[in-house]
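Report on the structure given below.
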Ligand code: F6P
């Protein structure tokens, strides 16, 4: 099939490296194949508008700072499943056919979608329903997309969290405090575990491993006794529940409920039960913004180039992935089955345990 026009969209929560991947797709598609590239605005929402909300992407727009910029120049959304879309009057509608029609109106031959596992599952369903030629690119700070060692944005988020620990350690030491750092990641503990190791945490709590306050107490008292140290760094993933198994959530001003607040809960419990002075830092969306690390720029570039080559080869319904130092592609059907959480017996957990870090159990 002859390809002439392709679309690209970013979907789900933003992260660092999205602009780098857009840049890579445009470079490869125009320079390598002479295609036209259309950037769809705000994920699938752009396809619902009439005319479709999009812009043609030329090489000229990438002469500046875009490779280095956080966010996404196309906009994105992590709300509003098109199969069950919340309407202004409070009803819900299946708007999938509008999206498929939008793709047709633009005369696209293929669509490259940059998303996490949730977005890719929705896009795959749309592609199957409408016969769209879809290639997926994994992005999310949570790094829970399966079959790829890395998703775009994850390493940058780990950097932000590690830098926070670097800043918390001296103030913890000065005041002999327990500093609790809450990081994002939804139900996956990758950011917490990896930044916790890199930032020298004493305790790392992740959703994949149950914890008890007694174990945290043993750790803190043991270090005091054996090393004479009186300050501690605790990293907790937002998806960790209370000791009694209740998820902790916050409701934003717009009514949107999301994970968050376990850091404060834990800070209170450590103060009450262990008698330590605690302070809590919630990193929140700082983990998503900022300039992508060189590694995230590299993944973004490799994924973008490979995705365009896959379109040229007619390899659809697949996602690009990073595996064993190589850029490969895997079936989207496999990707959408289950998220890739931390393996409680895997090498990173073993490293943490080997260092004497308390994982709560
Ligand atoms: O999936 C990425 C992520 O940043 C999660 O780590 C976090 O729980 C969520 O998105 C926050 O979403 P929102 O942008 O809606 O606040």
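The values are calculated or read from the model by the stated rules, or taken from the named source; none is laboratory data. Since we're looking at a predicted model, the values are computed, not measured. Please note: Cβ atoms are built from the backbone with ideal geometry, for glycine as well, and neighbour counts cover all protein chains shown.
A few points about this structure:
- Among the residues here, residue 290 qualifies as more than 12 Å from the ligand (Cβ to nearest atom), surrounded by 13 or more Cβ atoms within 10 Å (Cβ to Cβ) and outside any helix (DSSP H, G or I).
One line per residue, one yes/no per condition, for (1) farther than 22 Å from residue 313 by Cβ; (2) in a loop (DSSP other than H, G, I, E, B):
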residue	(1), (2)
21	no, no
25	no, no
30	no, no
39	yes, no
51	yes, yes
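- Boolean, residue 269 is over 24 Å from the mean Cα position of the chain (by Cα), surrounded by 15 or more Cβ atoms within 10 Å (Cβ to Cβ) and either part of a loop (DSSP other than H, G, I, E, B) or modelled with pLDDT of 95 or more (or both): yes
- Subset of region 310-361 (residues that are in a helix (DSSP H, G or I) and more than 19 Å from residue 198 (Cβ to Cβ)): 310, 311, 312, 313, 332, 333, 334, 335
- Hits in region 233-249 - residues which are exposed (fewer than 14 other Cβ atoms within 10 Å of the Cβ) and either assigned to a strand (DSSP E or B) or within 12 Å of the ligand (Cβ to nearest atom) (or both): 249
- Flag if residue 263 is part of a helix (DSSP H, G or I) and more than 16 Å from the ligand (Cβ to nearest atom): no
- Out of 126, 111, 120, 132, sole residue that is surrounded by fewer than 24 Cβ atoms within 10 Å (Cβ to Cβ) and in contact (Cβ under 8 Å) with a residue 60 or more places away in the chain: 126
- Region 150-187 - residue that is surrounded by fewer than 24 Cβ atoms within 10 Å (Cβ to Cβ) and at positive phi and, of those, nearest to the ligand (Cβ to nearest atom): 186
- Annotation: of all residues in region 61-103 being within 16 Å of the ligand (Cβ to nearest atom) and free of Cβ contacts under 8 Å to residues at least 60 places away in the same chain, the one that is farthest from residue 7 (Cα to Cα) is 86.
- Among the residues of region 32-44, some residue qualifies, meaning at least one is surrounded by 22 or more Cβ atoms within 10 Å (Cβ to Cβ), at pLDDT 95 or above and over 21 Å from residue 67 (Cβ atoms).
- Residue satisfying condition, being within 16 Å of the ligand (Cβ to nearest atom), part of a loop (DSSP other than H, G, I, E, B) and more than 24 Å from residue 116 (Cα to Cα), within set 276, 253: 253
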